[in-house]
Amino acid sequence: MVMKGKKGVILGIANKKSIAYGIAKACREQGAEVAITFLNERFEKKLEPVATELGCGEKFYPCDVSRPEEIKALKESLEKDFGEIDFIVHSIAFAPKEGLSGRFMDITKDAFNVAMDISVYSLIEIVRELHPIMSNKSSVLTLSYYGGVKYIPNYNLMGIAKSALEMTTKYLAEDLGKDGIRVNAISAGPIKTLAAAGIGDFGFMLKWNSAHSPLKENVTIEQVGNSGMYLLSDLSSGVTGEVHYVDAGFNIMGMPAVNFDETGHGKIAWNGE
Ligand code: NAP
């Protein structure tokens, strides 16, 4: 039970397909006490059974990260119910649909600002507000994607946000290291979730990733959950400022494997349609 005695808050569970749900499950299985948040009343109703299943009890709080007053209220609730906390999971992203397909240079300033606010600035604000109640053996985890490092079709605006999020992870790690607080990111391979459904041609992304990753598969929320739990636990006490890939190895590939026929013609080893 590597998380026994640990208490923390997980933001970003929309349903049982969410990556944050996979992380919450893994943390609970290893003995952690977990609080979760919901965006608004509509999601409160939908998430109630999930909060019950995860054994959150009363520790089920509203938090729309675009509202600073809700982040402040979250801190008050956590302090009242837990005293100190040992981990935070930030598994939140949003970009207006117009920013997730089409011509990159048509992105509007409004869409840009919304995506950066909710997907990046929220991490800084959450960590700053919750800092006074974080123990000196705390761990913060956020979720990124390879589209923040390399071009990925349609990922457009979210690619810029993930790039900023990965650097935010490193700057926060330096800021908070002296307080015994670690900050890391997982760069997960594509997984079919609510947020992913907004990305143009996501089905193709899934096929391409499984065909061209060394493990020849797509990752699951259980796999990301277990890696996330490791980064939140003391097992990773020497790790901070890292972006840890959980993507079946896709990111290491410089070129897709090619099969050559007897005439010397190459064919990409690709089993998608
Ligand atoms: P998800 O289940 O849809 O989770 C996204 C979460 O963000 C939802 O719970 C959503 O809440 C929340 N959110 C959006 N705006 C918010 C706001 N203003 N305040 C509070 N919460 C807000 O999708 P997911 O795929 O698990 O995404 C989690 C994270 O993993 C994201 O950062 C995503 O970019 C990242 N990621 C995903 C993949 C993938 O392929 N799925 C790969 C790599 C990284 P509501 O649903 O209630 O709006």
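As a test, work out the antiparallel percent of DSSP beta bridges whose residues both lie in the chain, rounded to the nearest 5.
10 percent
Given contacts defined as C-alpha pairs under 8 Å and at least six residues apart, what's the relative contact order of region 102-180, whole-number percent?
37 percent
Could you sort MET253, MET205 by their accessible area in this structure, using a 1.4 Å probe and putting the largest first?
MET253, MET205
Express the carbon and sulfur contribution to the solvent-accessible surface of region 55-144 as a percent, rounded to the nearest whole number, probe 1.4 angstrom.
Carbon with sulfur: 54 percent of the solvent-accessible area.
From the mean inverse distance of alpha carbon pairs (Kirkwood) and the Cα radius of gyration, derive Rg over Rh for the chain.
Here the Rg-to-Rh quotient is 0.99.
Put a dot 7 Å past each Cα toward the Cβ at ARG103 and LYS170; how far apart are the dots in nm?
3.3 nm
Give the accessible surface of the chain per residue, rounded to a whole number of Å², with probe radius 1.4 Å and ligands, DNA and RNA excluded.
Per-residue accessible area for the chain comes out at 49 Å².
Ignoring any ligand, DNA or RNA, what whole percent of the accessible area of region 8-53 comes from carbon and sulfur when the probe is 1.4 angstrom?
Ligands and nucleic acids excluded, carbon and sulfur give 49 percent.
Could you tell me the center-to-center distance, by alpha carbons, between region 1-30 and region 76-116 in angstrom?
Distance between centres, Cα-based: 19 Å.
State, as an integer percentage, the relative contact order of the chain based on alpha-carbon contacts under 8 Å between residues 6 or more apart.
After rounding, I find 19 percent.
Only sites in a loop by DSSP and with at most 10 other Cβ atoms within 10 Å count here; which trypsin sites (Lys or Arg not before Pro) in region 128-174 make the cut?
Counting only loop positions with at most 10 other Cβ atoms within 10 Å, the trypsin sites (Lys or Arg not before Pro) in region 128-174 are LYS150.
Among the lysines, which have Cα under 20 Å from the Cα of LYS25 when same-chain residues fewer than 8 positions away are ignored?
LYS4, LYS6, LYS7, LYS16, LYS17, LYS45, LYS46, LYS59, LYS192
Calculate the FRET efficiency for ILE252 and ARG67 from the Cβ-Cβ distance with a Förster distance of 45 Å, rounded to the nearest 0.05.
The calculated FRET efficiency here is 0.70.
Report, to the nearest whole %, how much of the accessible area of region 176-253 belongs to carbon and sulfur atoms, 1.4 Å probe, protein only.
59 percent
7 Å from Cα along Cα→Cβ at both PHE204 and LYS137: what's the point-to-point distance in nm?
Using points 7 Å along Cα→Cβ, the separation is 4.9 nm.
Among all helices in the chain defined by DSSP H, which have a length of 30 Å or more along the axis from Cα atoms plus a Kyte-Doolittle mean of at least 0.0?
Span-like helices here: 156-177.
The values are calculated or read from the model by the stated rules, or taken from the named source; none is laboratory data. Computed from a prediction, not measured in an experiment: that's the story for all the values here. All Cβ positions, glycine included, derive from the backbone under ideal geometry; neighbour counts span all protein chains shown. Protein only, heavy atoms only, side chains kept; ligands, DNA and RNA dropped before computing areas. Shrake-Rupley method; radii C 1.70, N 1.55, O 1.52, S 1.80 Å.
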